[in-house]
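For reference, the structure discussed in these notes is given below.
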Amino acid sequence: MWTRDLDDSAEQPMTPDQLERWQRRMSPPANEFPAGLGITVLLASTDDVAVGLSQVDAFSTGFRFNLAVRVRQVPRGLIQGDLFMHIAAHVPDLDIPVENRLLVGIEYSDGRRASTLGDVWVLNQDAERASDKLVLVPQGGGGSELAVDQGFWVAPLPPAGPVTVVVAWPGFGIEETLTVLDGEALRAAAANSQTLWPPQSAAEPPQPPPPPRPASGWFAGPPH
């Protein structure tokens, strides 16, 4: 993977050490056993749709959670009846209107933001140096036409103070809804994660293009 150095007009590859540090920011440490927080909260719901957060696990470098989506019946406007494609990361080959996508965002008490509309896969030396930049990365997920569970990774750990979870799904009746978690509780749990063995090298990830953003609202602005 190639990038542009700030001090040199020539394109240069990232060093193996830079690449490895960047990759470790983008997923939970494979050499750690996390500490669970036991958090389960319904983020937003209507008569026909519910979105909840559960299975929060804290690691030394960030935290992981599960987004549980349940629908009463197959909503109109699904791409080939596939609920998962409206919830997972942006897929360039699928033309899903932004209002029909379930949007998820995280905001820390210091103003840092990240969302599922962020270009988390930008791989360059600027991104590698910005180790405090907040990232929200989709992990594994799946389900049926009525129930989907999607994992997300958030890094780095939050400062003490509120961690705001924002969800919006206008096409399915859910407007922007904010839910506050305890950042200090996440940090305290992370201190109890267990290192199993030294970290291993990781492979280079793909880099899909970023999705379009809504014209207004919390998700309209770029991450801070």
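The values are calculated or read from the model by the stated rules, or taken from the named source; none is laboratory data. Predicted, not measured: the structure shown is a model, and the values here were computed from it. Here the Cβ is made from the backbone with ideal geometry for all residues, glycine too, and neighbour counts use every protein chain on show.
Key figures for this structure:
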item	result
Checking T40 against (1) within 15 Å of the chain's Cα centre (by Cα); (2) at pLDDT 85 or above, the condition it does not meet	(1)
Residue within region 129-143 that is more than 26 Å from S45 (Cα to Cα), modelled with pLDDT of 90 or more and of a type in the set (A, V, I, L, M) present	yes
Considering residues of region 17-72 that are of a type in the set (F, W, Y) and either in contact with a helix residue (DSSP H, G or I) (Cβ under 9 Å, 6 or more places away or on another chain) or not in a strand (DSSP E or B) (or both) only, the residue surrounded by the most Cβ atoms within 10 Å (Cβ to Cβ)	F63
Matching residues, region 144-164, being farther than 19 Å from F59 by Cβ, modelled with pLDDT of 95 or more and in contact with a helix residue (DSSP H, G or I) (Cβ under 7 Å, 6 or more places away or on another chain)	G161, P162
Cross-chain or 6+ apart pairs with Cβ under 6 Å, region 24-35 first and at pLDDT below 95, then aliphatic (A, V, I, L, M) and surrounded by fewer than 19 Cβ atoms within 10 Å (Cβ to Cβ)	N31/L196
Near pairs, Cβ below 6 angstrom, 6+ apart or cross-chain, from region 37-60 (at positive phi) to any residue that is in a strand (DSSP E or B) and not hydroxyl-bearing (S, T, Y)	Q55/N66
Wholly enclosed strands (runs of 3 or more DSSP E) of region 133-224 bearing at least 2 residues closer than 20 Å to E32 by Cα and in contact (Cβ under 8 Å) with a residue 60 or more places away in the chain	135-143, 147-155
